[in-house]
Amino acid sequence: MLTEIRIYFEGHRALKPGFSQFFADLRERARSRRCKFELISGGSGSNVCNDFARALRTHPRSWNILLIDSEGPDTRTLSETLCRNQGWDTATRDSIFWMVEMMESWFHADKEALEAFYGPDFRKNALKPNPNVEDISKSDLKHGLRNATEHTKKGDYFDNKTSHGPALLSVIGANKVRSAAPNCRGLFEAVLARLSALNN
């Protein structure tokens with residue numbers, strides 16, 4: 001029986017409160033099923049992979065989840081490729097989820113929340129209008145977010161990432177991100193399905 005979900009996310013530990021708010025619905029659903037819900041920062045991509053691999057050994061009764069930037073387009077074989085490169089069992093692919101092409105794509109799904117956060121000098125039109133944010137390249141994500149925020153009173157996002165990142169994760173609409181980012185939607189659906197099964 002599933003009693004704990006552990007999500008190992010790529011990124012600075014300062015992001016944890018933001019991710020906690022973003023995943024509030026999952027956390028509350030887990031609590032209602034008497035299932036612990038933990039978020040663990042892994043830092044860089046290689047470090048979080050090491051932490052995840054260690055958790056597979058040290059927390060075998062938990063559902064250990066890896067949440068990582070793809071750093072490139074979704075080839076539909078990202079998880080299989082990572083498993084092969086890391087020497088992991090192929091079944092592990094069902095516990096790997098992606099932020100395509102990087103976490104900041106999620107911010108593009110809720111431009112109104114960003115506008116409210118940064119204020120009147122925020123240049124919303126600098127962000128790519130693509131409704132599927134996973135189709136926006138990493139370079140365009142970075143270029144757009146920098147241009148949109150650099151002249152705001154709060155400053156350039158990338159110069160203030162460890163403070164702005166958690167704040168933005170706390171205010172963007174998770175439902176908007178799920179609609180605009182298929183891999184994010186897949187994570188929510190997978191977790192909710194496992195938790196729903198605990199009723200049976």
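Trp88 passes every criterion in (1) crowded, with 16+ Cβ neighbours inside 10 Å; (2) in contact with a Lys or Arg (Cβ under 9 Å, 6 or more places away or on another chain) apart from (2).
Screening Asp156 with (1) of a type outside the set (A, V, I, L, M, F, W, C); (2) in contact with a helix residue (DSSP H, G or I) (Cβ under 7 Å, 6 or more places away or on another chain); (3) within 14 Å of Ala181 (Cβ to Cβ) gives one miss only, at (3).
Within the range 2-12, how many residues turn out to be surrounded by fewer than 21 Cβ atoms within 10 Å (Cβ to Cβ) and more than 19 Å from Thr58 (Cβ to Cβ)?
Within the range 2-12, the subset surrounded by fewer than 21 Cβ atoms within 10 Å (Cβ to Cβ) is 2-4, 6, 12.
Okay, now just the ones that are also more than 19 Å from Thr58 (Cβ to Cβ), so 12.
Selection size over the range 2-12: 1.
Say whether the condition of being in contact with a Cys (Cβ under 8 Å, 6 or more places away or on another chain) and not in a helix (DSSP H, G or I) is met by at least one residue in the range 182-199. Looking through the range 182-199, at least one residue is in contact with a Cys (Cβ under 8 Å, 6 or more places away or on another chain) and not in a helix (DSSP H, G or I).
Is there a residue being within 12 Å of Ile7 (Cα to Cα) and of a type outside the set (A, V, I, L, M) anywhere in the range 70-84? Spell out the reasoning first.
Let us first name the residues in the range 70-84 that are within 12 Å of Ile7 (Cα to Cα), namely none.
No; the residues of the range 70-84 include none that is within 12 Å of Ile7 (Cα to Cα) and of a type outside the set (A, V, I, L, M).
Only residues that are on the phi < 0 side of the Ramachandran plot, part of a loop (DSSP other than H, G, I, E, B) and surrounded by fewer than 17 Cβ atoms within 10 Å (Cβ to Cβ) were counted across the range 34-71, and they come to 4.
Only one of the numbered conditions (1) modelled with pLDDT under 95; (2) buried (at least 21 other Cβ atoms within 10 Å of the Cβ) is violated by Leu114, and that is (1).
The values are calculated or read from the model by the stated rules, or taken from the named source; none is laboratory data. Since this is a predicted model, take the numbers as computed values, not measurements. In this analysis, Cβ positions are derived from the backbone assuming ideal geometry, glycine residues included, and neighbour counts consider all displayed protein chains.
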